[in-house]
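> Mind looking over this structure? Questions follow.
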Amino acid sequence: MFETFEFINEDFPWFFATLAAIFGALTGSFLNVCIYRIPAGRSIIFPGSTCACGRPIPFYHNIPIFTWLILRGKASCCGAPFSMRYPAIELLTAVLFLWVWLIYSPLVALLGMFFVSFLICATFIDLDHMIIPDRFSIGGMVISVILSFIFPALHGVDGLPIASNIQSGVSSIVGALVGAGLVYWIAVLGEIVFRKPAMGEGDVKFVGFVGAFCGWQGAVFSMFGGALVGSVILLPCLLLGRLFGGGGGKAQASGTEAAEAAEAALAEEATGAEGDEVEEVQFGAQVPFGPMLAAAALIYFLGFDAYVDAYFAEFASYFFMP
């Protein structure tokens, strides 16, 4: 079976690349459901997709990307509009899955798709609700450590089976500890200097997840690269927001279904998992750091890791030469 796979992959490289993109679009559709339902404490399996008018959405109207284009962004049953964000997330996931497939071996690419999915979910939930659920930080951290022990290739470890498994697992644990510890102490120092919380606990755990999957180098780059991404992209947006009045209102809820999109747009209040009211997030008032950390983690994982790892190796050799 593996020989057949290698034959197809070598002679028809576009075949599996196309499957990776399609799988990414389908996964993006599911991620939309997770992004919308998980913060609300709802099941991501049941019930199925229904429109705001109460009618079930047929499967042929749940085709990623194409359904939104064919229906021109409106529900087929009642004409209620739904956000362009749904196909955008589906397209983003498809592109990232394809990218991962093209630059990594099949095994690492499949593991990387898990990493990308968690980053996307955490990013958009943090944008909407200023939280990163523990299932994407602590859960992702635990899963990454387990995967590292099972698949040493994730950390580029090669050698005898048991020794390489242990080395890879230890690298993952060290990455998690370095990532979480670095952000924790930066948060502590920031709170001392600014006399208010400088970073949430969710960010601490989230960088621990990045470190567990990418190693300590990825965690360090995610932290400082995320700050750079925020300075380049987010600060101009915040300045424009303050200049033009801040644009109040909560972020639009996300899901895949046209139904839930219309329902979210009409709702005046959002409720959390325990039924408590979710505080409205004003543009420019609070800054979610999770999306910046995720963006930097993606930059590292999607090809910049070679430069970052080489820099740290040169830095270490300069200061720790015998």
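The values are calculated or read from the model by the stated rules, or taken from the named source; none is laboratory data. Computed from a predicted model, the values in this text were never measured in an experiment. Cβ atoms come from the backbone with ideal geometry, glycine included; neighbour counts cover every protein chain shown. Areas reflect the complete protein model, heavy atoms only, side chains present, ligands, DNA and RNA absent. Shrake-Rupley method; radii C 1.70, N 1.55, O 1.52, S 1.80 Å.
> Determine Rg/Rh for region 62-188; Rg is computed over alpha-carbon atoms and Rh is the Kirkwood hydrodynamic estimate from the same atoms.
With Rg and the Kirkwood Rh in hand, the quotient comes to 1.10.
> Now a separate question. With a 1.4 Å probe and every protein chain left in place, work out the accessible area per residue of region 110-165 in Å², rounded to a whole number.
42 Å²
> OK, next. When Lys and Arg each count +1 and Asp and Glu each count -1, what net charge do the other residues less than 14 Å away from I138, Cβ to Cβ, add up to?
-1
> Using θ = phi - 60° and the Karplus form 6.51 cos²θ - 1.76 cosθ + 1.60, what ³J(HN,Hα) does each residue of region 113-118 get, whole Hz, x for Gly and Pro?
5, 4, 4, 4, 4, 5
> Another question, then. Among I131, F149, Q167, flag the residue with its Cα farthest along the positive direction of the charge dipole of region 38-171, charges on Cβ as +1 for Lys/Arg and -1 for Asp/Glu.
Toward the positive end, the furthest listed residue is I131.
> Going from most exposed to least, what order do L298, L119 have by accessible area with a 1.4 Å probe?
So the residues, ranked largest to smallest area, are L298, L119.
> Same structure, new question: Run through all the Cα pairs of region 129-177 and give the fraction in each 10 Å bin from 0, expressed as whole percent.
30, 43, 19, 7, 1
> Something else: Got a sec? What order do W216, W185, W99 fall in by accessible area at 1.4 Å, biggest, i.e. largest, first?
W185, W99, W216
> Enter the per residue convex hull volume of region 70-122, computed from alpha-carbon coordinates, in Å³ rounded to the nearest integer.
94 Å³
> How big is region 170-231 by Rg and Dmax over its Cα atoms, in Å?
11.4, 36
> Continuing with this model, one more query. Based on Cβ point charges of +1 for Lys and Arg and -1 for Asp and Glu, what charge dipole magnitude is obtained for region 50-164 about its Cα centre, in debye rounded to the nearest 20?
Here region 50-164 has a charge dipole of around 480 debye.
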